[in-house]
Amino acid sequence: MCGIVGYIGKEKNALNILINGLKALEYRGYDSAGIAYFNKNKIITIKEKGKIEELEKIIDYSIESNIGIAHTRWATCGDATKINAHPHSCGKITIVHNGIIENYDDLKEQVKKDNYKLISETDSEIIAVLLNKYYEEYNDIIKAIVKTKQIIKGSYAIAIICADIQDKIYAIRKDSPLIVAKNENASFIASDVPAILNYTNKYMILNENEIAIL
Ligand code: GLU
């Protein structure tokens, strides 16, 4: 199960909002946690094994950011390690994923032939690799998401950021929960309502064949 939180808004306290959101999802269980955010035009990723408090020890809350995605992992493929913790990145793409990609072994074999190097043992990393591969091919993130969605099998809630697109978060889901929410100043995604309730009660469940663009 575990959790996903995403935030984009006017306020530059993304790190705070993301960590508080993850804490509100702790009841879902997890073994590691991580976040990715934009700072000075770059995606910065930090992750840690264990409790969210472990992640907080390496977070500098004075860093300003108005966009980021966050994750608590409950390992299904690969041990509960820092390397396997989310977010996962490939090229310009960074993602967090809840669920299981059932055909990841086959997909990993295919991308290895294209000389992609995989760093983690997770099924989730293949999502970042495919998104990056098709983003490079089409130069269009939506086309890359649609293509990747056609290829991956299994259950997923996925949040995506792209180094070239610093003002958007993308999200898709299938058989895993994900809500989108907003207030006057910000938009959010989350696995469940408690993660966003401090900021808004305006939310909807993302439909299975929709792509959310925040
Ligand atoms: N299957 C993925 C992994 O093992 C995601 C697990 C989750 O839902 O947190 O990394």
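The values are calculated or read from the model by the stated rules, or taken from the named source; none is laboratory data. Since the model is a prediction, treat every value here as computed from it, not as a measurement. A quick note on method: Cβ atoms are made from the backbone with ideal geometry, for glycine too, and the neighbour counts reach across all protein chains shown.
From the residues in the stretch 74-121 that are of a type in the set (F, W, Y) and within 13 Å of the ligand (Cβ to nearest atom), which one is nearest to the chain's Cα centre (by Cα)? Lay out the reasoning, then the answer.
Applying the first criterion (of a type in the set (F, W, Y)) to the stretch 74-121 yields 74, 104, 116.
Remaining after also requiring within 13 Å of the ligand (Cβ to nearest atom): 74, 104.
Values: W74: 14, Y104: 17 Å.
If we take residues in the stretch 74-121 being of a type in the set (F, W, Y) and within 13 Å of the ligand (Cβ to nearest atom), then W74 is nearest to the chain's Cα centre (by Cα).
Output the residues belonging to the stretch 25-65 that are among the β-branched types (V, I, T) and out of contact with any Phe, Trp or Tyr (no Cβ under 7 Å at 6 or more places or on another chain). Lay out the reasoning, then the answer.
Step one: list which residues in the stretch 25-65 are among the β-branched types (V, I, T), which gives 35, 43-46, 52, 58-59, 63.
Listed by number, the residues that qualify are I35, I43, T45, I46, I52, I58, I59, I63.
Give me the pairs: first residue in the stretch 67-95 and over 12 Å from I43 (Cα atoms), second residue among the basic types (K, R) and within 6 Å of the ligand (Cβ to nearest atom), beta-carbon distance under 6 Å, and six or more apart or on different chains, which are they?
Short answer, once both residue conditions are applied: A85/R73; H86/R73.
Only one of these is within 11 Å of the ligand (Cβ to nearest atom), of a type in the set (A, V, I, L, M) and within 14 Å of the chain's Cα centre (by Cα): I145, I69, I158, I169. Name it.
Values: I145 fails: within 11 Å of the ligand (Cβ to nearest atom); I69 fails: within 11 Å of the ligand (Cβ to nearest atom); I169 fails: within 11 Å of the ligand (Cβ to nearest atom).
Going through I145, I69, I158, I169 in turn, the sole match is I158.
Would you say S187 is among the hydroxyl-bearing types (S, T, Y), closer than 25 Å to N41 by Cβ and touching a Gly at 6+ places or on another chain (Cβ under 8 Å)? Spell out the reasoning first.
On the way: among the hydroxyl-bearing types (S, T, Y): yes; closer than 25 Å to N41 by Cβ: yes; touching a Gly at 6+ places or on another chain (Cβ under 8 Å): yes.
Yes.
Please pick out the residue among I127, I161 that is under 25 Å from N39 (Cα atoms), at pLDDT 95 or above and touching a His at 6+ places or on another chain (Cβ under 6 Å). It would help to see each step written out before you state the result.
Working: I161 fails: touching a His at 6+ places or on another chain (Cβ under 6 Å).
Of the residues listed, the single one that is under 25 Å from N39 (Cα atoms), at pLDDT 95 or above and touching a His at 6+ places or on another chain (Cβ under 6 Å) is I127.
If you go through the stretch 25-45, how many residues are without any contact (Cβ under 8 Å) to a residue 12 or more places away in the chain and within 12 Å of the ligand (Cβ to nearest atom)?
0
Restricting attention to the stretch 46-54, does a residue exist that is of a type outside the set (A, V, I, L, M, F, W, C), without any contact (Cβ under 8 Å) to a residue 12 or more places away in the chain, exposed (fewer than 14 other Cβ atoms within 10 Å of the Cβ) and farther than 20 Å from Q166 by Cβ?
Checked against the condition, which is being of a type outside the set (A, V, I, L, M, F, W, C), without any contact (Cβ under 8 Å) to a residue 12 or more places away in the chain, exposed (fewer than 14 other Cβ atoms within 10 Å of the Cβ) and farther than 20 Å from Q166 by Cβ, the stretch 46-54 yields at least one hit.
If you go through the stretch 3-24 one residue at a time, do you hit one that is surrounded by fewer than 24 Cβ atoms within 10 Å (Cβ to Cβ), touching a Pro at 6+ places or on another chain (Cβ under 9 Å) and in contact (Cβ under 8 Å) with a residue 24 or more places away in the chain?
Within the stretch 3-24, one or more residues are surrounded by fewer than 24 Cβ atoms within 10 Å (Cβ to Cβ), touching a Pro at 6+ places or on another chain (Cβ under 9 Å) and in contact (Cβ under 8 Å) with a residue 24 or more places away in the chain.
Residue by residue, here is whether (1) in a strand (DSSP E or B); (2) surrounded by fewer than 21 Cβ atoms within 10 Å (Cβ to Cβ) holds:
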{"position": "E137", "(1), (2)": "no, yes"}
{"position": "K143", "(1), (2)": "no, yes"}
{"position": "V146", "(1), (2)": "no, yes"}
{"position": "Q150", "(1), (2)": "no, yes"}
{"position": "Y156", "(1), (2)": "yes, no"}
{"position": "I161", "(1), (2)": "yes, no"}
{"position": "Q166", "(1), (2)": "yes, yes"}
{"position": "A171", "(1), (2)": "yes, no"}
{"position": "K174", "(1), (2)": "yes, yes"}
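Just to verify a result, which residue in the stretch 104-132, among those that are more than 23 Å from C2 (Cα to Cα) and touching a strand residue (DSSP E or B) at 6+ places or on another chain (Cβ under 8 Å), is surrounded by the most Cβ atoms within 10 Å (Cβ to Cβ)?
Residue satisfying both the conditions and the ranking: N132.
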